[in-house]
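A.B. asks: Got a structure for you, written out below as structure tokens; questions coming shortly.
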Amino acid sequence: MHQSKAKITAIGSYVPEHIMTNQYLEKLVDTNDEWIISRTGIVERRIASEHEFTSDIGYNAVLDLMQRYNKAVDDVDMIITCTFTPDFKTPSSANLIQAKLGIKQSGAIDLNAACAGFTYGLHMANALISSGLHKKVLVIGAETLSKVTDYTDRSTCILFGDGGGAMLVEYDEQHPSFISYHLDSEGEKSHNLYCSGLSSSMNEEQLLATEKIVQNGREVYKWAVSSVPKGLNTLLQNANMTLDQIDWFVPHSANLRMIESICERTKFPIDHTLYSLVNYGNTSSATIPLAIDLAVKEDRIKKDDHLVLYGFGGGLTQAGIIIKWAI
Ligand code: UT7
């Protein structure tokens, strides 16, 4: 494994104020609180206002990071915003966040790997810094999924919410955070989870025109619970580590039953798993930083703890990284 020279030095997060409860969803579609909690673990989710977009959420997550860790970001030389719900197709949400923060002379790009976005973003930040090309990278995972959710489809509208998290990654040869990674893509299964774009090639059920998320939940579920444990194994092998050396497992927070099943299959203790879905729902690229930040605020994660971050979903793609928490 290539020697990392990058360290995560700060974290921040933000969720919109408005709460959408399961009881509210009962009024929209044929569902009920008991079904949603027992099948997903989700109790409520946050919803962005009409005029609030991904760049606003990402910007607020960075402000939170700056305030809590007393960090300046004016010398950041790359902004990576992981999202599949950008404000615009172009400019990127990263461009908008750069302007809101007043950062000069920084690269700014959006990265779309859906629910695996944030772990891909951290992996890219590590690569850019460890190669010597960049010194200070902001990685933001932010989504406004409510704007692409079909609130007449009970199989998806109960799942998604809005929110964002951010991490600052800086050059540090002495105390690097990044230990190993594992990436995989199965594009041949992409029709099981998509959000419409310019092509109509997935439009078999006439759903594309809605520009909303379409998901075959059962198929994505089966794929995740079988492929994530295998990927986790590869990730640990790449690091020359075993599961008992991992303090916290942070899988993508899509569904608590899926997380329980992955833990059962890998024999990882569920009480050392961090997730953000109970109060925030599935926020795609934001679930992992939100889960970590909840645990940081509760003082559960300690300096030098080893974390496995494992994103998976639309693509279908997955990205896992092992990091050492250094803050
Ligand atoms: O973040 C990206 C990655 N995405 C995921 O990881 C999502 C993976 N999938 C899932 O989380 C689950 O598949 C869902 C939560 C989406 C669905 O749960 P499930 O246990 O797989 O349900 P199902 O699709 O197998 O449906 C079971 C039953 C069906 O009724 P019948 O056919 O058995 O009569 C559905 O029509 O539950 C019904 N159903 C509902 N009932 C009440 C589906 N949605 C609802 C609902 N309320 N909201």
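The values are calculated or read from the model by the stated rules, or taken from the named source; none is laboratory data. Values in this document were obtained by computation on a predicted structure and should not be read as measured data. We place every Cβ from the backbone using ideal geometry, glycine too, and count neighbours over all the protein chains shown.
A.B. asks: Identify, from the list HIS2, HIS51, the residue that is modelled with pLDDT under 95, more than 17 Å from the chain's Cα centre (by Cα) and not polar (S, T, N, Q).
C.D. replies: HIS2
A.B. asks: May I pose another question? For ALA166, are the conditions met, namely being in contact (Cβ under 8 Å) with a residue 12 or more places away in the chain and touching a Leu at 6+ places or on another chain (Cβ under 6 Å)?
C.D. replies: So ALA166 passes the test.
A.B. asks: Residue by residue through the range 257-311, note down the ones that are closer than 20 Å to LEU122 by Cβ, of a type in the set (Asp, Glu) and in a helix (DSSP H, G or I).
C.D. replies: Of everything in the range 257-311, just one residue is closer than 20 Å to LEU122 by Cβ, of a type in the set (Asp, Glu) and in a helix (DSSP H, G or I), namely ASP293.
A.B. asks: Looking at the range 180-202, is at least one residue within 12 Å of the ligand (Cβ to nearest atom), crowded, with 17+ Cβ neighbours inside 10 Å and part of a loop (DSSP other than H, G, I, E, B)?
C.D. replies: no
A.B. asks: Looking only at the range 269-300, count how many residues are surrounded by fewer than 21 Cβ atoms within 10 Å (Cβ to Cβ) and either touching a His at 6+ places or on another chain (Cβ under 7 Å) or touching a residue at least 12 places away in the same chain (Cβ under 8 Å) (or both).
C.D. replies: Number satisfying all stated conditions: 8.
A.B. asks: For the range 35-69, name all the residues that are surrounded by fewer than 15 Cβ atoms within 10 Å (Cβ to Cβ) and closer than 19 Å to VAL139 by Cβ.
C.D. replies: GLN67, TYR69, listed by residue number.
A.B. asks: Tell me which strands (runs of 3 or more DSSP E) are completely within the range 38-156 and hold 3 or more residues being in contact (Cβ under 8 Å) with a residue 12 or more places away in the chain and not basic (Lys, Arg), or say none if there are none.
C.D. replies: 78-82, 107-111, 136-144
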